[in-house]
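First the structure, in the form of structure tokens, and then the observations on it.
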Amino acid sequence: MDNGPVIGNWWQAFLRYTGSGAGEWVGALAVVFGAYIIRLILFFIADNYMVKLASRTKTKSDDRLLKGIKVPFGNLIILWGLYWAVYLLRLPREPYDWHHLVYNIIDTLVILTVLWLAFRVIDVLISAFSESYSIKGEVRYNQLLPFFRDLAKIIALAGAIVFVIIAWGKDPTVMLAGLGIGGLAIGFAAKDTIANIFGSVTIFADRPFDVGDWVVIGNDEGIVEEIGFRTTKVRTFEKTLITIPNSVIANTAVNNFSKRPGRRVKQRIGILYETPIEKIEAVVNGIRRILGENQQVDNESIVVNFEDFADSSLTIFVYYFTSTSVWADYLQVRQDVNFKIMRLFESMGVEFAYPTRTLWHRGDLGLSGMPRLGDGDIDSGN
């Protein structure tokens, strides 16, 4: 006798079961509802008491941890209620094993929720270490944290995949061995990812830059914000964020401005031709003295000389390095030096030169084409 399609048998069996087990369904719903109530109570305690306790501590890590794990932990309570609900229902095993299927689904959800929880904990821990190293000024350790964060998440994800395979009753070793068959195809598909991973290893080994350094990588310039497992993030001076694959960085020249011991200042100061030679010598010596007395100037790099006879000025060449490479500090040192040079010129009565030119009108030429100097027709201007 034909009993119809198999799915019809499943449905008929399900209807017969629910008709005879209404009490068990009520009990299962009560368990799920109870789990939901427990979740609400824990959320209330966390929001009204634990948050206040965490806010009293000096660190913000516990605040972020509490906020990060609250939702996934609450979901685990709901899944715990579903476990007990399925146990009370005693779902049918014929003609299809509903009991085993539902348990497999719940197991998978639990594993994914634990993975979500692990990701949140990893982020909070890495953030806490980052703040600690930043306070201590240990930049080289801070640089490694994004790499370890990504590595920890990859390990957690791989473990979750293995547990999901086990939850569904499969042998993970057999399935992982089966990956060897498609290993070549996977290798071709993931060649860029593998190249980026090796690029990150090269960056950590050579250390061409640290987090916070001002770098130029190819055509990209900015401050390094993060060195990750696959990419490096650079914040440009226009405040845009550039993500550069580590494989590209490993094969590109990197110009690191932050690695220089100081910043160069190169100036040419023009003074009037009418300045007496004694004052020129005094100006040169005075600028040397100003630079030598500044503790933020590298004394070994100071060069101050009367350089040239320019078109409209006598040129004094000023060259030195600041002892700091920080942009703001460099500008402050340069400003202090410039102010003192201006005060020096003012005290000595020396005037800065500015570009000038003299025009002779063609009609003002006298005999032999020489200008008439006494006519007063000379126009002098900027």
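Throughout, read-outs are computed from the coordinates displayed, never taken from laboratory work. None of these values were measured; they are calculated from a predicted model. No Cβ is skipped: glycine too gets one built from the backbone with ideal geometry, and neighbour counts run over all protein chains shown.
Side notes on the structure shown:
- Taking Cβ atoms as reference points and 13 Å as the exclusive limit, the residues near residue 45 contribute a net charge of +2, counting Lys and Arg as +1 and Asp and Glu as -1.
- Annotation: peptides 103-111, 49-57, 208-216, 150-158, ranked by per-residue average of other Cβ atoms within 10 Å with the highest first, follow the order 208-216, 103-111, 150-158, 49-57.
- Residue-count net charge about residue 351 - beta-carbon cut-off 13 Å; Lys, Arg +1, Asp, Glu -1: -1
- Net +/- balance of residues flanking residue 124 in space, Cβ distance below 15 Å, scoring K and R +1, D and E -1: +3
- Ascending count of other beta-carbon atoms within 10 Å, so fewest first, for 131, 293: 293, 131
- Here residue 266 is the anchor, and the lysines within straight C-alpha reach of less than 30 Å, apart from those fewer than 8 places off in the same chain, are 239, 279, 340.
- Ranking 314, 327, 290 by Cα position along the charge dipole of segment 264-351, where only Lys, Arg, Asp and Glu carry charges on their C-beta atoms, puts 327 farthest toward the positive end.
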